[in-house]
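One structure is given here, and the rest of the page talks about it.
The values are calculated or read from the model by the stated rules, or taken from the named source; none is laboratory data. Only a predicted model underlies this, so the values are computations on that prediction, with no experimental measurement involved. With ideal geometry, Cβ positions are generated from the backbone for all residues, glycine too; neighbour counts draw on all protein chains shown. Quick note on the areas: whole protein, heavy atoms, side chains included, nothing else; ligands and nucleic acids left out. Shrake-Rupley method; radii C 1.70, N 1.55, O 1.52, S 1.80 Å.
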Amino acid sequence: MELTKFGVRPAVERDRDAVWVLVQQFAVSYQPDREHFDAAFSAVLSDDNMVALVAVGDGRTVGYLLANHHQTFFANAPVAWVEEVMVAESDRGVGVGRVLMERAEAWAKEAGAAYVALATRRAAEFYGALGYEESAAFFRKRLH
């Protein structure tokens, strides 16, 4: 069944279980733990510097996005960082990711962010189609 209509809104408490299902599909570098997810979900919902968005269609959650904004010294404004974007595999290709990103960009702009950034390994073409440009290499060092 193809998704024909969906909406995007800020996540609320009742979205917790549906987002958890998608988080488990998203993670490739880490094994998500429900206890840690629950604590993080609650923290995100209560943090004005963060946003969790959900895409809902056909009575089910088909995607989510997690972003934050923080101050910088160099950009003369905060910057926004999209940490996670996940669309259920069966619902890709119909604009869910695009609308999630548009809503995140609007949220970042409202927060006064100078720009929106993210890292990706598998979706460079998608972000390029949305007007994102490659800017820097992404480095990380695992602490646990």
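Summary of computed values
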item	result
Cα gyration tensor shape of the chain, rounded if a/c is under 1.5, else prolate or oblate by comparing a/b with b/c	rounded
Accessible carbon and sulfur surface of the chain relative to its total accessible area, %, 1.4 Å	52
Relative contact order (%) - the chain, alpha-carbon pairs under 8 angstrom, separation at least six	21
Heavy-atom accessible area per residue - the chain, 1.4 Å, Å²	66
Vicinal HN-Hα couplings computed from phi for segment 106-117 (Karplus, 6.51 cos²θ - 1.76 cosθ + 1.60; Hz; Gly/Pro x)	5, 4, 5, 4, 4, 7, x, 5, 6, 7, 10, 10
Shape of segment 1-70, Cα gyration tensor, a/c cut at 1.5	oblate
Most mobile of V62, V19, V44 in a GNM of the chain (Cα contacts under 10 Å)	V44
Options Q31, V21, P10, ranked by Cα towards positive dipole end of the chain, top entry (Cβ charges)	Q31
Per-pair calculated FRET efficiency, R0 = 41 Å: D33 and L130 via Cβ, rounded to 0.05	0.85
Selection from A114, A104, L143 lying farthest towards where the dipole of segment 51-143 points positive, charges on Cβ	L143
Dipole magnitude of the chain, debye to nearest 20 (Cβ charges: Lys/Arg +1, Asp/Glu -1, about Cα centre)	200
